[in-house]
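Comments concern the structure below.
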Amino acid sequence: MSRQNTIFAIETIVLTILIFIPRVFSDDLVPIPADKSQLNSWFDANVKPIDTRKGTLDPALVAAEANKTIIKVRVDGSGDFKTLTEAINSIPAGNTRRVIIWIGGGNYTEKVKIERSKPFITLYGDPKNVPNLIFHGTAKEYNTVESATLIVESEYFSAVNINFVVSILASLEENSGSKVSRFIMNII
């Protein structure tokens, strides 16, 4: 009898969790167009202004978007910081504002990690001179997860106009003599 009660209790707990877990619904009936020239009209038709969606969004996100700040990063030193890591380190833990890190063109050779305690960060690359984020780490040196060029643990992160370049592949190809697929992720 106690085994049945235990099973019933577990089923009740699981059902309760499933009922109260926040769910996200999306309308994927109108796919994002592959042609860049159609992107703005798709966005205008499918993504409503924040003022009309405030009741459907997380209140913390609405508050963060209402209180934005911009940090400029440029490799030549003409911005607030020379590296992305310095800019991210300047954001306080428990951040409650949207922080837009505007990144000037050039190569940023660094490993970037955004901790869980730093939500609401946007990496925004210069659209006229898209920056490259490069890191030469391997899984052998750092382990698989930590070898990533960019690790994001925080909520409400976004990135626009940045090339994430896996540069170690060219070196592997040269040293092994075998062909290795090259990988560049361009976020637009």
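The values are calculated or read from the model by the stated rules, or taken from the named source; none is laboratory data. All of these numbers come straight from a predicted model, not from anything done at the bench. Positions of Cβ are backbone-derived with ideal geometry, glycine not excepted, and every protein chain shown enters the neighbour counts.
Taken together, the residues in region 108-124 that are in contact with an Asp or Glu (Cβ under 9 Å, 6 or more places away or on another chain), polar (S, T, N, Q) and within 23 Å of V75 (Cα to Cα) amount to 0.
For (1) hydroxyl-bearing (S, T, Y); (2) out of contact with any Pro (no Cβ under 8 Å at 6 or more places or on another chain); (3) surrounded by fewer than 11 Cβ atoms within 10 Å (Cβ to Cβ), each residue gets a yes or a no:
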| position | (1), (2), (3) |
| --- | --- |
| V30 | no, yes, yes |
| N40 | no, yes, yes |
| A45 | no, yes, yes |
| K54 | no, yes, no |
| A64 | no, no, no |
| S78 | yes, yes, yes |
| F81 | no, yes, no |
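The test for being modelled with pLDDT of 95 or more, crowded, with 18+ Cβ neighbours inside 10 Å and touching a helix residue (DSSP H, G or I) at 6+ places or on another chain (Cβ under 8 Å) holds for P119.
Considering only region 54-68, how many residues are touching a residue at least 24 places away in the same chain (Cβ under 8 Å) and assigned to a helix (DSSP H, G or I)? Total satisfying the criteria: 5. When S26 is tested against the conditions (1) assigned to a helix (DSSP H, G or I); (2) at pLDDT below 85, the lone failure is (1). The strands (runs of 3 or more DSSP E) located wholly in region 69-159 that include 2 or more residues which are touching a Gly at 6+ places or on another chain (Cβ under 7 Å) and farther than 21 Å from D58 by Cα occupy 69-73.
Just one of the numbered conditions (1) touching a Ser or Thr at 6+ places or on another chain (Cβ under 7 Å); (2) under 29 Å from T109 (Cα atoms) is not true of A63: (2).
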